[in-house]
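What follows is a short report on a single structure.
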There are 2 protein chains.
Amino acid sequence: MGETTKMTPAARRILDTASELFYSKGIHAVGVETIASEAGVTKKTLYDRFGSKDQLIVAYLEERDQKWRKHLFSCMDEVPDDQPVDKILRIFDALENWMSTRNKRGCAFVNALAELSEETHPGRKVIIEEKKWLKELFASLLGQLQLENPDPIAEQLFILHEGLMVTYSLDIYERGTAGAKETAHMLIQSADYKKEEA
Amino acid sequence: MGETTKMTPAARRILDTASELFYSKGIHAVGVETIASEAGVTKKTLYDRFGSKDQLIVAYLEERDQKWRKHLFSCMDEVPDDQPVDKILRIFDALENWMSTRNKRGCAFVNALAELSEETHPGRKVIIEEKKWLKELFASLLGQLQLENPDPIAEQLFILHEGLMVTYSLDIYERGTAGAKETAHMLIQSADYKKEEA
DNA sequence: TTTCAAGTAAACCGATCGGTATATCTTAAT
DNA sequence: ATTAAGATATACCGATCGGTTTACTTGAAA
């Protein structure tokens, strides 16, 4: 199910239903029978459109990845391109908004990775690529500053981001993501700038 | 299965087998039949000792919690009680050691929480208590310093810890936990100390 | 007007799920 | 010597798992 592929109305309903159930109940805990009936569709239609449960899982992960990136960019687009520090901090704003609306059960990718233990499952690649992409996003934004060595800082920002995401569902924070944003700011400020001479 | 309860040899084998399988394959992906046969035990013995799969899951989580705390304390005990900063940093050493030996698939508690979606499942309490306990451990160690407001820092250390743990299995770090330890140190140093006057 | 993709309805498949039942054996404590 | 706990072996239970099959209907494009 490629990025620009138009889905049939039934396929759309199936994927929407599966996405919600996979995230809220877990992948293995939800059967195809349940998905089909909740979507108001027969099992045959589900298999005609998606081929197998595994492929439906992959479609779920790919679409969630797309939606998250889109949300992220729409938040970051509000800050001008020549202010990379603010853009980085905006990622944490985007996360807060994302979590409070459609992320009550932690990180969908981390959760899915916990269930997809088979090394060869195609869903794993989607997940790992998503994580690498985010880490690289931090790195490329830091790269716009004149930092001596942006990668270690990008790594810490990424860890901070992931930690915040997985622990958010524990409901133990009073200040939301504000604290993490301050930590992120501190991390950026702690970096050494390139020496201009030579 | 309380902390000091002596298990029968069969029960011991069952729990060991279940722990390894639950962690490596996921909870829902492993059936009681598999656990019993891998442990060299009949299903009846499993049910005689643990009552149900859910109770076996709880025993798994409780024991893993105990082992982790034991490991943590044995690492922290090597640094004197009057050096709380080093004790905090030692938590990150303990984490590195723990992860490289028995944590190749991320955080067992986060993974289990992803699969236990039912709000009433007794395993959820074990997990959430474990996370709260760790956050409080950071807070109490910071409390030994004369900090103005230790809780927000404890929160950030906790997020850092969790982020490192869940992302470790992605195999994208070259320096292991060293970077996170530096971030932790920076966080502690950033805190304001209590004003001595008044 | 024909054709074809998209859909419904419902039965069916072997395998596995968590859990129970019955009957027998071994071993250590009373 | 007797009892009771811990264990084995094995068959069984209804329910659900992912997936397939056959037959029929609908709607829009060629």
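The values are calculated or read from the model by the stated rules, or taken from the named source; none is laboratory data. Note that this is a predicted model, so its numbers are computed, not measured. In this analysis, Cβ positions are derived from the backbone assuming ideal geometry, glycine residues included, and neighbour counts consider all displayed protein chains. Ligands, DNA and RNA are excluded from the accessible area calculation, which covers all protein heavy atoms including side chains. Shrake-Rupley method; radii C 1.70, N 1.55, O 1.52, S 1.80 Å.
Let me know the whole percent of all Cα-Cα pairs from the range A:1-156 that are separated by more than 18 Å. Here the long-distance tail beyond 18 Å is 63 percent of all Cα pairs in the range A:1-156. Only one residue of B:Ile159, B:Leu142, B:Ser117 has its Cα farthest out toward the positive end of the dipole of the range B:60-190, where Lys and Arg carry +1 and Asp and Glu -1 on Cβ, and that residue is B:Ser117.
What whole number of Å gives the distance from the Cα centroid of the range A:53-67 to the Cα centroid of the range A:1-50? Each part's Cα centre sits 10 Å from the other's.
Heavy-atom accessible surface of the protein assembly as shown, averaged per residue, reaches 48 Å², computed with a 1.4 Å probe. Once all protein chains are placed together, A:Tyr168 keeps about 50 Å² accessible to a 1.4 angstrom probe.
Magnitude of the charge dipole for the range B:110-198, about its Cα centre and with charges confined to Cβ atoms of Lys, Arg (+1) and Asp, Glu (-1), is about 120 debye.
Shielding of peptide B:165-171 by partners, expressed as the average count of other chain Cβ atoms within 10 Å per residue Cβ, is 6.
Rounded, prolate or oblate, given the Cα gyration tensor of the range A:114-193, with a/c below 1.5 counting as rounded? Oblate, since a/c reaches 1.5 and b/c is not below a/b. Close amide-amide hydrogen proximity is noted between A:Leu147 and A:Lys194, each under 5 Å apart and 5 or more residues distant or on a separate chain (H modeled in the peptide plane; Pro and chain starts excluded). Judged by the gyration tensor of its Cα atoms, with axes a ≥ b ≥ c, the range B:1-72 is oblate; a/c meets the 1.5 cut and b/c is at least as large as a/b.
Using 1/(1 + (r/R0)^6) with R0 = 25 angstrom and r between the beta carbons of A:His185 and A:Lys125, what's the FRET efficiency to the nearest 0.05?
0.15
Using a basic spin-label model with each label point 7 Å from the Cα along Cα→Cβ, how many nm lie between B:Ser37 and B:Glu118? Each label point is offset 7 Å from its Cα along the Cβ direction, giving 2.6 nm. Here the extension length gained between A:Gln83 and A:Asn97 equals 2.9 nm, from 0.36 nm per residue of separation less the Cα-Cα distance.
Within 10 Å of each Cβ in A:78-91, how many Cβ atoms from other chains are there, averaged over the peptide? Working shown, then result.
Working: counts 0, 0, 0, 0, 0, 0, 0, 0, 0, 0, 0, 0, 0, 0.
Going residue by residue through A:78-91 and averaging, the value is 0.
For the range B:60-190, lysine pairs separated by 8 or more sequence positions, or belonging to different chains, with Cα-Cα distances below 18 Å total 13.
Taking the helices alone, chain B has a mean residue ellipticity at 222 nm of -22500 deg cm²/dmol, built from -39,500 (n - 2.57) per DSSP H run of at least 4 residues and averaged over all its residues.
Interface area, chains A and B: about 3200 Å² of buried accessible surface, summed, with a 1.4 Å probe and ligands, DNA and RNA left out.
The separation of the range A:70-145 from the range B:75-119, counted between C-alpha centres, amounts to 24 Å. In a reduced charge model with +1 at each Lys and Arg Cβ and -1 at each Asp and Glu Cβ, the protein assembly as shown shows a dipole moment near 1760 debye about its Cα centre. Work out the charge dipole of chain B with +1 on the Cβ of Lys and Arg and -1 on the Cβ of Asp and Glu about the Cα centre, then indicate which of B:Ile91, B:Leu72, B:Ala29 is farthest towards its positive end. My answer, from the dipole projection, is B:Ala29.
Ignoring ligands, DNA and RNA, please state the percent of accessible area on the protein assembly as shown from carbon and sulfur, probe 1.4 Å.
48
Net charge dipole, the range B:1-51: roughly 140 debye, given to the nearest 20, about the Cα centre with Cβ charges of +1 for Lys and Arg and -1 for Asp and Glu. With all protein chains in place and ligands, DNA and RNA left out, the 1.4 Å accessible area ranks A:Asp48, B:Asp192 as B:Asp192, A:Asp48, largest first. Taking max minus min of the alpha-carbon positions on each principal axis, the protein assembly as shown gives extents of 66, 60, 42 Å, largest first.
Modelled label positions at A:Ser74 and B:Asp48, each set 7 Å beyond Cα in the direction of Cβ, lie 6.0 nm from each other. Membrane-span-like helices in chain B, defined purely by DSSP H runs whose alpha carbon atoms cover 15 Å or more axially and whose average Kyte-Doolittle hydropathy reaches -1.0, are B:9-25, B:53-76, B:84-102, B:122-143, B:150-168, B:178-190. Peptide B:105-111 has a mean of 4 when you count, residue by residue, the C-beta atoms of other protein chains within 10 Å of its C-beta. Annotation: B:Asp93 carries an accessible surface of approximately 50 Å², with a 1.4 Å probe and no ligand, DNA or RNA atoms counted.
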